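Q: Quick one: the structure is below, and I'll ask about it shortly.
Please treat every number below as a calculation from the coordinates, not as lab data. It should be emphasised that the depicted structure is a prediction, and the values quoted were computed from it without experimental measurement. Using ideal geometry, Cβ is built from the backbone for each residue, glycine included, and neighbour counts are taken over all protein chains shown.
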């Protein structure tokens, strides 16, 4: 599997976490757009939640998403492999997040999967 294939597979797995029975109830009623900007490849991807249900992954750049993540593909993969926590990546300035505190607390539920 190439790096690009691994990255896209991991991004799709991230999207699917919102449907996981362990956390789906926490996102019920959530209508949010989550923008991911991967700085090393300068690509933007979008996950849209409608009533908590993730819509198909889109390669798109929005001007004002509800939640914005900025990181490298390496950081994203490392976080998803459990090699670094989101909090540690944030502290080390490997990850930037634009979201409200209630949104951040809700999104932490995804870490349990």
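Q: Could you check the simple spin-label distance between residue 72 and residue 100, using points 7 Å along Cα→Cβ, in nm with one decimal?
A: It is 3.4 nm.
Q: If you don't mind, there's one more thing I want to ask. Given springs between every Cα pair under 10 Å in a Gaussian network model of the chain, which of 47, 84, 67 has the largest fluctuation?
A: Result for the chain, Cα springs under 10 Å: 84 fluctuates most.
Q: Highest GNM mean-square fluctuation, the chain, Cα pairs closer than 10 Å: which of 92, 35, 14?
A: Taking springs between Cα atoms under 10 Å, the residue moving most is 92.
Q: State, to one decimal in nm, how far the label point of residue 83 lies from the label point of residue 110, with both points 7 Å from Cα in the Cβ direction.
A: About 2.0 nm separates the two model spin labels.
Q: Apply the Debye scattering formula to the chain, with a single equal point scatterer on each alpha-carbon and no solvent, then give log10 I(q)/I(0) at q = 0.12, 0.22, 0.24 Å⁻¹.
A: The Debye formula, applied to the Cα set alone, gives -0.38, -1.50, -1.80.
Q: If you build a Gaussian network model of the chain, linking Cα atoms that sit under 10 Å apart, which residue out of 49, 11, 94 swings the most?
A: Largest GNM mean-square fluctuation: 94.
Q: Tell me the label-point distance for the pair residue 8, residue 61, using the 7 Å Cα-to-Cβ offset, in nm and rounded to one decimal.
A: 2.0 nm
Q: Next up: At 222 nm, what helix-only mean residue ellipticity would the chain give, in deg cm²/dmol to the nearest 500, using -39500 (n - 2.57) for each DSSP H run of four or more?
A: -9000 deg cm²/dmol
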